[in-house]
Every structure is written in structure tokens, then in C-alpha cells.
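**Student:** Okay, here's the structure, questions in a sec.
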Amino acid sequence: MRRTIRAVAVAGLLVASTFVATAGPANADVTICDQYGSTTIQGRYVVQNNRWGTSAQQCINVTSSGFQITSQQGSAPTNGAPVSYPSVFLGCHYSNCSPSSTLPMQVSRIRSATSSINYRYAGGTYNASYDIWLDPTPKTNGVNQMEIMIWFNRQGSIQPIGSAVGTATVGGRSWQVWRGSNGSNNVISYVAPSPINSWSFSVLDFINDVRARGAITNSWYLTSIQAGFEPWNGGTGLAVDNFSASVSG
């Protein structure tokens, strides 16, 4: 599998198969239905379908600034893992690297890491998940050892990996913090008490909080910044209308 189990552990996952593939530079709207199909936007970011946990159809419409889920036919128990993670990212994900990316970059070298996101919500059981991936090495393929998840929205009886360990104020907002492992990597999740539709923030604030918890050190590498959705059921109409991220060192 090209994607680790990202929510509570689940004993068996369906093997996904290719349905339709559309890829290439996204100047006009592009539809992707391939299991791991991807394309680039703005000559800077990668948008991926990443239908890793189901063989059911999922399609996304890629725009010049993000994407929208146009079909999501998969379904998974809410006490297990989601069916996919359609997302847009800066950096490297399983050897797929965004154009001209400065990532991986060692945490000690990062001077600024900022991002802006606009989500559009719809029906279904899902989270709006913003992912920050780190590893002790400048890894561009496979599973990284540390995943920071920011839950901008949570719909349905789903929960992050592990257990709640308290609350924290990061980026001027209050979060419920969860900590655990899915067997492949450690996960620290920051869950918003109510849905956040848009936000411009410092990614470095979350990295610094995770470092203060002893989960990483300055010698680790930031490998990618990703924003998208993890649907368990439904999700058609969910969209990232705008995404931007920048890392300088």
C-alpha cells in the first residue's frame, strides 16, 4: 500500500484497483479517478486522488487552486480507517515530489513555514485533515516516522489515532490533542473544537509544539505539507478551494 493506516487501526483493507486515470499539468480543470492518480497545479503543488483503502470509485476535479471530490462510493466502519486521502501537497509523498520543492528540509534550518487553506464542506462522515510529515532522514519515499494531523473539521463518530492527552493552544487557537501510533508511524493530532473553514497560519508553530513534546528533534526533516479529506462514508462535494504553502530556510 502506498498510504499508511491513518486513523484507528483496522484489521483488513480492500485492495484498490484502477478505474480511470487522468494526469498531467492542470491548467484547466482535470478529472482524476485513478487510485493514485495525481497532477500538478501552479507549477508548485501536487494534487492526488490517493484512494488507498477501497476499490470503490472516487473521482476528484482538480482546479488551478485546489480540488473537489465529485464521486466517492467507498464506505468503511467508523471504528476503523478511512477509505482515502484526496489532497494537495508541497514536498514529497512516496517519491512524488512537487516541482521546485525545498523539501525535505531539516527542522533546524527552517526559518519560516507558512500556509493558507480554504475548505468547503459537504455531507458525509469525514475529517478535513491537514498533514505535516517528518522523518529523521531526508526521506522522499515510503512512510515517514512522524505525522502531525490538524483536524479542521470532524463529522460523524470518528476519532484520531491513540487517545486524548489534553489540550493546547497553537497558532492562537485551542485544540484537543491526541497521541498514538498506527504501527507504521507515530501520530499527534490537533482537533478543532468547531469547524474551521479557512485559516492562514504558521506550520512551524505545530512543529515546535511536537518538538516540545519530545516526539522529534531539530535534526529531523520536514518532508511534506498536505491538505485534504479523509472520508469514511460520502464526501461528494468536499473541496479545497485554495491552498498555499511556503517553506524557507
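**Student:** Being within 17 Å of the chain's Cα centre (by Cα) and outside any strand (DSSP E or B) is the filter here, so list the residues in segment 174-198 that pass it.
**Tutor:** If the condition is that a residue be within 17 Å of the chain's Cα centre (by Cα) and outside any strand (DSSP E or B), then ASN182, SER184, ASN185, ALA192, PRO195, ILE196, ASN197 are the ones that fit.
**Student:** Pick out the one residue from ILE69, ILE60 that is closer than 15 Å to ASN233 by Cβ and among the hydrophobic types (A, V, I, L, M, F, W, C).
**Tutor:** The match here is ILE69.
**Student:** For SER65, which of the numbered conditions (1) in contact with a strand residue (DSSP E or B) (Cβ under 7 Å, 6 or more places away or on another chain); (2) of a type in the set (Gly, Ala, Ser); (3) closer than 27 Å to ILE158 by Cβ fails to hold?
**Tutor:** (3)
**Student:** Of the residues in segment 209-240, how many are under 18 Å from GLY53 (Cα atoms), open to solvent by 10 Å² or more (accessible area, probe 1.4 Å) and either of a type in the set (Ser, Thr, Tyr) or not in a strand (DSSP E or B) (or both)?
**Tutor:** 1
**Student:** Please enumerate the residues belonging to segment 175-184 that are at pLDDT 95 or above and in contact with a Ser or Thr (Cβ under 6 Å, 6 or more places away or on another chain).
**Tutor:** Result: GLN176, TRP178.
**Student:** A further question on this structure: Please find, within segment 156-173, the residue that is nearest to THR78 (Cα to Cα) out of those that are assigned to a strand (DSSP E or B) and open to solvent by less than 70 Å² (accessible area, probe 1.4 Å).
**Tutor:** Of everything passing the filter in segment 156-173, SER163 is nearest to THR78 (Cα to Cα).
**Student:** Can you tell me how many residues in segment 1-32 are modelled with pLDDT of 95 or more and open to solvent by less than 10 Å² (accessible area, probe 1.4 Å)?
**Tutor:** Residues flagged as modelled with pLDDT of 95 or more and open to solvent by less than 10 Å² (accessible area, probe 1.4 Å) within segment 1-32 amount to 1.
**Student:** Pairs please, first residue from segment 28-55 and closer than 13 Å to PRO86 by Cα and outside any loop (DSSP other than H, G, I, E, B), second anywhere and open to solvent by 10 Å² or more (accessible area, probe 1.4 Å) and hydrophobic (A, V, I, L, M, F, W, C), Cβ atoms under 7 Å, 6+ apart in sequence or on different chains.
**Tutor:** ILE32/ALA23; SER38/ALA23; THR39/ALA23; THR39/VAL30
**Student:** Take the residues in segment 73-95 that are out of contact with any Lys or Arg (no Cβ under 9 Å at 6 or more places or on another chain) and not in a loop (DSSP other than H, G, I, E, B); name whichever of them is nearest to SER248 (Cα to Cα).
**Tutor:** Across segment 73-95, the extreme among qualifying residues is GLY91.
**Student:** Scan segment 62-89 residue by residue and report those that are open to solvent by less than 10 Å² (accessible area, probe 1.4 Å) and either without any contact (Cβ under 8 Å) to a residue 40 or more places away in the chain or of a type in the set (A, V, I, L, M, F, W, C) (or both).
**Tutor:** Passing the criteria: VAL62, PHE67, ILE69, ALA81, VAL83, VAL88, PHE89.
**Student:** Please enumerate the residues belonging to segment 138-155 that are outside any strand (DSSP E or B) and open to solvent by less than 70 Å² (accessible area, probe 1.4 Å).
**Tutor:** Once the filter is applied, which keeps residues that are outside any strand (DSSP E or B) and open to solvent by less than 70 Å² (accessible area, probe 1.4 Å), segment 138-155 yields LYS139, THR140, GLY142, VAL143, ASN144.
**Student:** Further, regarding this structure: Filtering segment 97-134 down to residues that are of a type in the set (Gly, Ala, Ser) and closer than 16 Å to GLY237 by Cα, which residue is surrounded by the fewest Cβ atoms within 10 Å (Cβ to Cβ)?
**Tutor:** GLY123
**Student:** Looking at PHE201 and the list (1) part of a strand (DSSP E or B); (2) surrounded by fewer than 16 Cβ atoms within 10 Å (Cβ to Cβ), which single condition is not satisfied?
**Tutor:** (2)
The values are calculated or read from the model by the stated rules, or taken from the named source; none is laboratory data. Since the model is a prediction, treat every value here as computed from it, not as a measurement. Reconstructed Cβ throughout: ideal geometry from the backbone, glycine too, with neighbour counts over all protein chains shown. Quick note on the areas: whole protein, heavy atoms, side chains included, nothing else; ligands and nucleic acids left out. Shrake-Rupley method; radii C 1.70, N 1.55, O 1.52, S 1.80 Å.
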